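Heads up: the structure comes next, in structure tokens.
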Amino acid sequence: MSVEISFFEQVNRSFDRAADLTDYDPVLLSLIRRCNAVYYISFPLKRDDGSIEVVEAWRAEHSHHKLPTKGGFRYSLGVSEDEVMALAALMTYKCAIVNVPFGGGKGGVKIRRRNYSDDEIERITRRYTYELQKKNFIGPGVDVPAPDYGTTSREMAIMCDTYTALTPDKLDAHACVTGKPVAQGGVRGRTEATGRGVFHGISEACAIEGDMRALGLQPGVGGKTVVIQGFGNVGYHAALYLHEAGAKVIAIAEYDGAIHDENGLDPVAVQAHRNDHGTILGIPGSTTLDNSLDALELECDILVPAALENQIGADNVDRIRAKIIAEAANGPVTADASEQLAERGVMVIPDSYLNAGGVVVSYFEWVKNLAHVRYGRLQKRWQGQAYRDLLSEVQKATGHEFPPDVMRTFLNGPDEQDLVFSGLEETMVAAYQEIRERKARLADACDLRTAAFVVAIDKIVASYSDLGIFP
Ligand code: NAD
């Protein structure tokens with residue numbers, strides 16, 4: 001994909017469009033848009049065959065207006081200083097949009113994950129964590145990484161283990177990363193959080209009748225055709241929840257090709273096929289598109305890019321036929337393409353909002369680690385008993401018997417995952433409404449991305465306002 005300007009410049013272009021709609025001090029705005037700190041590291045890796053290679057890595061902390069900074073950590077050949085700065089900037093705005101009290105951070109190691117063994121990945125992850133710790137670029141109150149492209153809860157467990165070994169007397173050390181396995185202090189629901197948040201964001205957008213009619217669509221997710229690009233953590237879970245809500249996933253694109261079936265694909269069956277065959281290609285009933293990018297151009301209601309940045313740009317934007325583009329990945333649509341799509345009346349639900357579910361649930365995990373207690377542990381029994389007493393009084397007074405499944409929901413009380421999913425849904429719904437209302441109050445030409453940036457800028461400015469430095 002030919003790219004017009006750098007990724008960080010693209011994020012700043014969106015920022016500038018939004019900043020032009022505010023009347024804040026230009027010096028304050030220029031302070032917000034800059035990246036506060038970037039750390040570049042290179043270190044040797046001993047490969048399993050005994051050879052040595054040099055690995056390059058970065059961590060960017062875009063904004064220290066709130067601490068810790070927070071953001072993913074990826075393994076990808078595309079990692080660069082520009083990329084981590086752009087992704088860290090997006091994290092700053094994302095955290096503000098969904099009201100989590102963090103600045104934005106992002107890190108990455110420039111490798112292709114699948115070319116390295118698990119042992120090599122462990123060595124890289126430990127060394128990277130050690131280097132971050134040496135320069136105070138990681139810690140519960142400093143900077144808290146999370147899983148991202150090419151990384152999973154396993155890498156988070158390794159980072160946590162390395163950090164806690166280096167800081168043995170730190171009571172809150174487990175809060176140094178999020179997205180950990182539950183046994184290592186993770187929170188239930190984090191693995192699926194980003195995809196689930198993507199689903200809530202799409203559902204909320206699709207629930208608004210007037211907005212759907214303007215696109216020539218019926219309200220609701222049910223029956224809508226969906227194309228997914230990237231069937232990893234985010235893409236799989238987004239596909240799964242959309243499928244369960246009655247949407248029809250007609251195509252899924254991966255790096256080695258795409259599968260297409262107008263009757264709809266079952267994400268669970270596709271995942272099972274990949275587990276057995278090492279690829280999503282060849283699932284019975286589907287046709288294969290050899291060029292994975294062709295899937296983006298299929299006619300559909302909702303296109304969900306969930307792989308990497310710069311997937312829709314000058315080369316293909318004219319051929320995109322989706323009515324809604326739901327940015328599950330970070331930066332999948334270039335700045336120029338985004339402007340063209342807005343002119344064509346395509347609804348783009350922006351990354352800075354849509355994939356925030358991961359950081360929302362990471363926030364819950366961080367709070368859990370600082371509190372040292374599982375969500376629901378204190379109130380579950382009490383709440384179950386209170387409902388039991390109440391329902392039995394209602395049954396006695398009315399003679400009405402509640403169905404067993406209703407009774408079970410009430411009597412069990414909420415467990416950790418129930419509370420996490422409830423907090424996630426509430427956050428995603430409230431944030432969408434806030435962005436949409438701001439869009440309605442701004443100029444006609446304002447798209448959801450610009451409105452989301454204005455919401456973020458307002459909140460970040462508010463955190464500087466008590467300093468008395470800026471008018
Ligand atoms: P992942 O590594 O779990 O999955 C990415 C998938 O995309 C992989 O299956 C990979 O094979 C596939 N892929 C790679 N190149 C492709 C191509 N050219 N065409 C189609 N598929 C391709 O990563 P993830 O965690 O799902 O992250 C995906 C995106 O979501 C990234 O932009 C990431 O920054 C963003 N994101 C992730 C999280 C999170 O919690 N994991 C949170 C917010 C945003």
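Once Rg and the Kirkwood radius are both taken over the C-alpha atoms of the stretch 321-471, their ratio Rg/Rh works out to 1.14.
Calculate how large, on average over all directions, the projected area of the Cα convex hull of the chain is; give the answer in nm² to one decimal.
Mean orientational projected area (the chain, Cα hull): 25.6 nm².
You can think of it this way: the chain between L166 and A272 has 34.2 nm of extra reach, that is 0.36 nm per residue less the Cα-Cα gap. The trypsin sites (Lys or Arg not before Pro) of the stretch 73-121 that meet both conditions, a loop assignment by DSSP and at most 14 other Cβ atoms within 10 Å of the site Cβ, are R112. Beta-bridge orientation, the chain: approximately 50 percent antiparallel, per DSSP, counting only bridges with both partners inside. In this rough spin-label picture, where each label sits 7 Å from Cα along the Cβ direction, the N115-Q383 distance is 4.9 nm. Pairwise Cα separations in the stretch 258-349 fall into 5 Å bins from 0 onward with the following percentages, short to long: 3, 13, 22, 23, 16, 13, 7, 3, 0. Positive end of the dipole of the chain (Cβ unit charges, origin at the Cα centre): among V98, G399, H277, the Cα lying farthest that way belongs to G399.
Using DSSP to define loop residues, name the GluC sites (Glu not before Pro) in the stretch 419-463 whose beta-carbon has at most 13 other beta-carbon atoms within 10 Å.
none
Straightening the chain between A443 and L31 buys 145.8 nm, computed as 0.36 nm per residue apart minus the Cα-Cα spacing.
Every read-out reported here was derived from the displayed coordinates using simple, explicitly stated rules and does not represent laboratory data. This one's a predicted model, so the numbers in the text were calculated from it and none came from an experiment. With ideal geometry, Cβ positions are generated from the backbone for all residues, glycine too; neighbour counts draw on all protein chains shown.
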